[in-house]
1. Solvent-accessible area of residue 42, probe 1.4 Å, all protein chains present, reported in Å² to the nearest ten, please.
2. I'm a student and want to see the number: the projected area of the Cα convex hull of the range 1-123, averaged over all directions, in nm².
3. Just flag the chymotrypsin sites (Phe, Trp or Tyr not before Pro) in the range 19-75 sitting in loop per DSSP whose Cβ has no more than 11 other Cβ atoms within 10 Å.
4. How big is Rg to Rh over the range 113-221, alpha-carbon atoms, Rh as the Kirkwood inverse-mean-distance radius?
5. Using the heavy atoms of the protein chains and a 1.4 angstrom probe, tell me the accessible area per residue for the chain in square angstrom.
6. Evaluate the range 109-157: find the radius of gyration of its Cα atoms, find its Kirkwood radius, and give the ratio Rg to Rh.
7. Along its principal axes, what span do the Cα atoms of the range 3-65 show, with the longest given first and each in whole Å?
8. Tell me what the chain gives for mean residue ellipticity at 222 nm when only DSSP H runs of n ≥ 4 count, each as -39,500 (n - 2.57), the sum divided by the residue total, rounded to 500 deg cm²/dmol.
Amino acid sequence: MKKINHARKYAKDFNFLTRLYQIYALYILYIPIFGLFYRFRCERNKNLENKPYIFAANHISYCDPFLMNMVTVRSLAYMAKKELYEVKGNFGKWVATNISRLGGFSVNREKLEVSTIKTCKDVFKANFNLCIFPQGGIRKNKKIEEVNKGFVVIAKMVKADIVPVGLSGLESYSWNIFKRPVVNLKMGTPISYKLDEEEIIENWRKQVAQLTGYELADLNK
């Protein structure tokens with residue numbers, strides 16, 4: 001059996017059915033269930049242009065892709081760590097299939113591969129937006145520290161501005177319907193891909209720290 005390359009998807013793979021599945025997963029499954037346990041507050045940037053962006057958020061939970069769909073209200077393609085596609089057995093196949101249906105594709109967090117770059121270009125050909133979590137994994141310590149520079153490389157290759165998104169309030173899971181903690185989803189100001197790499201990264205870090213109320217770590221220490 002030919003091995004599937006989950007990192008390589010084409011423009012035709014990001015289509016109306018992908019967006020329909022995202023809407024179904026968000027409004028039929030996610031919100032009705034998680035709305036019992038959480039209150040969601042979205043602060044969107046209403047001044048965004050009608051063009052595709054890279055939405056780059058901090059990463060606090062496995063629910064973040066749904067939160068990103070909620071706050072952006074746009075068609076998204078997601079970069080998902082390749083380990084999610086490597087789970088064995090029927091459950092692993094189910095996970096891989098549904099991530100793909102939601103517009104996900106795998107990425108090697110240690111190395112930005114050619115197939116991933118080609119997929120990113122096809123995302124924008126399909127007029128989808130790209131969702132990235134630059135921290136490279138879930139971080140619950142409420143600090144904005146060092147991030148993976150790959151999202152800046154991709155932004156420059158596809159010539160797309162970056163919109164910082166701050167997610168907070170879901171650092172730990174709560175299943176008490178009487179508490180219902182608030183989950184805040186806030187969008188920042190677009191960062192031009194034309195800026196220098198370090199300037200983009202520092203701008204993103206500062207905006208996300210401000211949007212979340214997290215501590216901005218000093219990387220020079």
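1. Per-residue accessible area (residue 42): approximately 50 Å².
2. On the way: hull surface 36.4 nm².
So the Cα hull casts an average projection of 9.1 nm².
3. Working: sites: 21, 24, 27, 30, 34, 37, 38, 40, 53, 55, 62, 66; in loops: 37, 38, 53, 62.
In loop regions of the range 19-75 (DSSP not H, G, I, E or B), the sparsely surrounded chymotrypsin sites (Phe, Trp or Tyr not before Pro) are 62.
4. Values: Rg = 15.6 Å, Rh = 15.4 Å.
In the range 113-221, Rg relative to Rh is 1.01.
5. Numbers: 12130 Å² over 221 residues.
Accessible surface, normalised per residue, equals 55 Å².
6. Values: Rg = 12.4 Å, Rh = 12.2 Å.
Radius of gyration relative to Kirkwood radius: 1.02.
7. Principal-axis extents of the Cα atoms in the range 3-65, largest first: 39, 33, 24 Å.
8. Numbers: 7 runs with 72 residues, N = 221.
Value at 222 nm, helices only: -9500 deg cm²/dmol.
The values are calculated or read from the model by the stated rules, or taken from the named source; none is laboratory data. Everything quoted here is computed from the prediction, not taken from an experiment. Neighbour counts are summed over all protein chains in view; Cβ atoms, including those assigned to glycine, are modelled from backbone coordinates with ideal geometry. Surface areas here come from the heavy atoms of the whole protein model, side chains and all, with no ligands, DNA or RNA. Shrake-Rupley method; radii C 1.70, N 1.55, O 1.52, S 1.80 Å.
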